[in-house]
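The following block contains the structure, expressed as structure tokens.
The values are calculated or read from the model by the stated rules, or taken from the named source; none is laboratory data. The model shown is predicted, which means the values in this text are computed figures rather than measured ones. Neighbour counts are summed over all protein chains in view; Cβ atoms, including those assigned to glycine, are modelled from backbone coordinates with ideal geometry. Keep in mind that these areas ignore ligands, DNA and RNA; they rest on the heavy atoms of the full protein, side chains included. Shrake-Rupley method; radii C 1.70, N 1.55, O 1.52, S 1.80 Å.
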Amino acid sequence: MKTKNCINKLGRFIMLMACIHLGTNLTGQLHLDLQNKSALTLEEIVEETENYFDQVGRERGLGYSQFKRWEYWNRRALDANGTVITNQAIHREIKKYQKEFPTHINRNASGIYEEMGPYSATNTSTWSSHLGRVSAISIDINNQDHIIVGSPSGGVWLTNDRGVTWSTIFDDEVILRVFSVEISHDDATHYFVGTSNGIVRTTDSGATWVTTSGTSGERINTITMHPTDPNILLAVSQFSGEIFRSIDGGSNWTAVYNHNDNMYDLEFHPTDPNIVYASGYGKVVKSTNAGQSFADLTGPYANNGAIMMAVTAADDDILYLAQANTSGGFHALYRSDD
């Protein structure tokens, strides 16, 4: 667990600092919050978000371009009432179709395909022409050649040779937007994947996937398995601000905490798995009973933005927090020694 902890923490801090460097404005994602926390129509969301940008401006780095991109694509995904069709609704309709027309499910394309590129990318200080991005990584603590990664636009990818070659293991799933992944430390054929519509799992290295119970409709940012008990897992939902817990190996999940604002990260104490930390928008909470319940911690971070965390096996009393401003950009790096 120590090796995995160090790798995961380093990776998360690098991603957070990269976001801060690029001027990512988390508050500028108001449209995403409104979509996930309300029943507003697209036009109402657009009006509210445009009003927000009237206040903060539309300069580069404030999130306006991302909002307009969201608006462009979601105008093509509206129901009869003008509301953006949710991932949950899409998943429900596709499952209904698959049940009614089982012979239509598996369609294999034949023929010989040749990769046509692109073979290079343009990288600048603010953007890249790469075709996709990686949002999550999990390394098998018993075999570091075995790695899975998740992408918000490309599902789950698997390597068994430390990244020399990769294969896709999620292409036939309904929802391909992946934000967290976890390989079980008890059985390396068991994977857990947090999507934009809850948690799915596999017990055969990705050959088949099963939807779990209790997190449908949630964007799951983090999934973490208890260091010594594989039956206990914890997960964080970004937009609902909830922490979910499973005590049956990830089949069923129950909400144990609700921040009522965005939540992002969750970490087990390096040496005491009864202690768990979780963080969100201006919030850090702590559990002393392996995630059964959480209590707020007080700190100077309360009135600012998103928080990511890191613990270290080098000193189990230390907790690091990296926080963004509410208006975007780097706010502070905090350290607790107790």
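Measuring from a point 7 Å past the Cα of Thr41 along Cα-to-C-beta, which residues in the range 64-98 have an amide N at less than 13 Å?
78-84
Residue by residue through the range 298-304, what is 3J(HN,Hα) from phi via Karplus (6.51 cos²θ - 1.76 cosθ + 1.60, θ = phi - 60°)? Round to whole Hz and write x for glycine and proline.
Along the range 298-304, the couplings run 8, x, x, 8, 4, 9, 10 Hz.
Could you list which residues have their amide H under 5 Å from that of Glu242, counting only those 5 or more apart in sequence or on another chain, with H placed in the peptide plane?
Hits under the 5 Å cutoff: Ser237, His259.
Compute the length gained on full extension between Phe330 and Ser251: take 0.36 nm times their separation in residues and subtract their Cα-Cα distance, giving the result in nm to one decimal.
Working: separation 79, 0.36 × 79 = 28.44 nm, distance 3.77 nm.
Stretched fully, the Phe330-Ser251 segment lengthens by 24.7 nm.
State the percentage of accessible surface on the chain attributable to carbon and sulfur atoms; use a 1.4 Å probe and exclude ligands, DNA and RNA. Provide the component values of the computation, followed by the final result.
Details: 8980 of 17680 Å².
The value for the chain is 51 percent carbon and sulfur by accessible area.
Pairs on different chains or at least eight residues apart, Cα atoms closer than 23 Å: how many lysine pairs in the chain fit? Working shown, then result.
On the way: Lys2/Lys286; Lys4/Lys286; Lys9/Lys283; Lys9/Lys286; Lys37/Lys68; Lys37/Lys283.
Taking the Cα cut-off of 23 Å, the pair count is 6.
Residue separation times 0.36 nm, minus the C-alpha to C-alpha distance between Trp73 and Gln144: what's the value? Please report the intermediate quantities before stating the final value.
Working: separation 71, 0.36 × 71 = 25.56 nm, distance 3.86 nm.
Residue separation times 0.36 nm, minus the Cα-Cα distance, leaves 21.7 nm.
While we're here: List the residues whose amide H sits under 5 Å from the amide H of His331, counting only those 5 or more places along or on another chain, with H placed 1.01 Å from N in the peptide plane.
It is Gln323, Ala324, Asn325, by chain and number.
I want to check the label-to-label distance for Glu59 and Ile90. Put each point 7 Å from Cα in the C-beta direction and report it in nm to one decimal.
3.5 nm
Now for a different question. Taking 30 Å as R0, compute the FRET efficiency from the Cβ-Cβ separation of Ala314 and Thr203 and round it to 0.05. Each step should come with its number before you reach the end.
Values: r = 35 Å, r/R0 = 1.15.
Result of the calculation: an efficiency of 0.30.
Something else: Can you give the accessible area per residue of the chain, in Å², using a 1.4 Å probe? If you can, show how the numbers build up before the last one.
Values: 17680 Å² over 338 residues.
Roughly 52 Å² per residue, with all protein chains present.
Under 1.5 on a/c is rounded, so check that first for the chain, then, if it is not, pick prolate when a/b is larger than b/c and oblate when it is not; a ≥ b ≥ c are the square roots of the alpha carbon gyration tensor eigenvalues. Walk me through the intermediate numbers first.
Details: a/c = 1.36, a/b = 1.05, b/c = 1.30.
Because its axes are fairly even, with a/c under 1.5, the chain counts as rounded.
In addition: Can you work out the FRET efficiency for the pair Ser213 and Ala80, with r the C-beta to C-beta distance and R0 = 35 Å, to the nearest 0.05? Could the numbers behind the result be given before it?
Details: r = 30 Å, r/R0 = 0.85.
Computed FRET efficiency for Ser213 and Ala80 comes out at 0.75.
Now a separate question. Given points 7 Å out from each Cα along the Cα-Cβ axis, report the Leu297 to Asp337 separation in nanometres with one decimal.
Modelled inter-label distance: 1.6 nm.
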